[in-house]
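One structure below.
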Amino acid sequence: MTPEVMKLLAVGIIGSFGLLGPALAIGLIGFSALTGIARNPEASGPIMTNMILVTAFAEAIGIYALIIAIILAMIV
């Protein structure tokens, strides 16, 4: 394999695995929040606030992985 192919393979692996984790985390966060709201509708305000905060943190990790993949793609 040439170095160019190995570089693109590394970018693909980082992009796929780096974004797979946050995607699964956001799905689980949404599922858990909806389950909590279904069990206790009066607590929907604090549950939604916490859900949005934790989703932002999980999404930030995906953005970091995307930035690393873009930086690796630009390096020769």
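Derivation of every value follows stated rules applied to the coordinates shown; laboratory data play no part. These numbers come from a predicted model, not from an experiment. Every residue, glycine as well, gets a Cβ built from its backbone with ideal geometry; the counts of neighbours run over all protein chains shown.
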| Pick the calculated Cα Rg over 2.2 N^0.38 Å for this structure from [x] 1.02; [y] 1.53; [z] 1.23? | [y]
| query | Taking Cα atoms, how many degrees apart are the long axis of helix 44-74 and the longest axis of the chain, rounded to 10 and kept between 0 and 90? | reply | 0 degrees
| task | Report, in degrees rounded to the nearest 10, the 0 to 90 angle that the Cα long axis of helix 3-39 makes with the longest principal axis of the chain. | result | 0 degrees
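For Ala56 and Met6 in one chain, what is 0.36 nm times their gap in residues minus the Cα-Cα distance, to one decimal in nm?
On the way: separation 50, 0.36 × 50 = 18.00 nm, distance 3.20 nm.
14.8 nm is the gain from fully extending Ala56 to Met6.
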| In what order do Leu8, Leu19 fall by count of nearby beta-carbon atoms within 10 Å, going from fewest to most? | Leu8, Leu19
